[in-house]
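Readers should treat all values here as calculations from the given coordinates under stated rules, not as data from a laboratory. All of these numbers come straight from a predicted model, not from anything done at the bench. Cβ sites come from the backbone with ideal geometry, for glycine too, and all protein chains shown count toward neighbours.
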Amino acid sequence: VSFKSIDDATGFPNTIYILNLSTGEITHSVIKNNVLYPNGRNGASIDMISNDEFLMFGGKGELGYLQDLWKYNIRTGIWTPYEIEYTPPARWNHCSYYFENKLLVGGGYSDISETGLFEYNLQLNKWTTILTTGKHEIENTHITAIGNINRKKILIYGHVETGEQKNKLKSYSIEVKK
């Protein structure tokens with residue numbers, strides 16, 4: 001899934017592009033008659049949460065770095081914003097991973113490299129800061145997170161150290177901050 005949102009003032013509509021992995025076909029749909037939809041952005045993360053829905057977090061738009069969370073239903077064409085008290089710091093080019101009603105978000109950029117790992121629980125509608133007990137903080141961009149929350153481990157590939165990209169696979173133990 002790829003999302004392109006352009007401000008209504010430009011006259012260009014929102015567009016969703018969907019790649020069917022079985023057929024290799026790319027389809028697109030223009031979002032019409034939807035009162036609510038996200039501001040235009042790039043560098044956001046998108047994670048499928050069902051066959052018909054995905055979550056989109058953060059990115060960078062005309063107004064700067066974003067920290068909003070939206071759900072889109074592919075079948076109905078409706079965007080739904082999440083109203084949440086606390087969110088992770090705004091960021092773009094971060095990574096995210098959806099697993100068992102939880103969205104993990106880490107890395108990326110804002111005015112500085114963002115560190116830390118955050119978990120959004122869809123059932124509780126709540127963000128929580130996750131602490132890492134690995135040697136280094138989870139930092140910077142171009143990382144992919146793969147993990148299993150129940151085992152309290154997450155794997156990070158493409159960790160950036162001292163401004164130089166390192167193609168490494170690292171394992172971190174994680175715990176929820178109380």
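Counted residue by residue at 0.36 nm each, then reduced by the alpha carbon distance between them, the extension gain from ARG75 to ASP111 reaches 9.3 nm. Taken along the Cα-to-beta-carbon direction at a fixed 7 Å, the label points for ASN121 and GLU25 span 4.1 nm. Computed from label points 7 Å out along Cα-Cβ, the spacing between THR129 and VAL35 is 3.7 nm.
Packing here is the average count of other Cβ atoms within 10 Å per residue, and on that basis the peptides 123-130, 87-94, highest first, run 87-94, 123-130.
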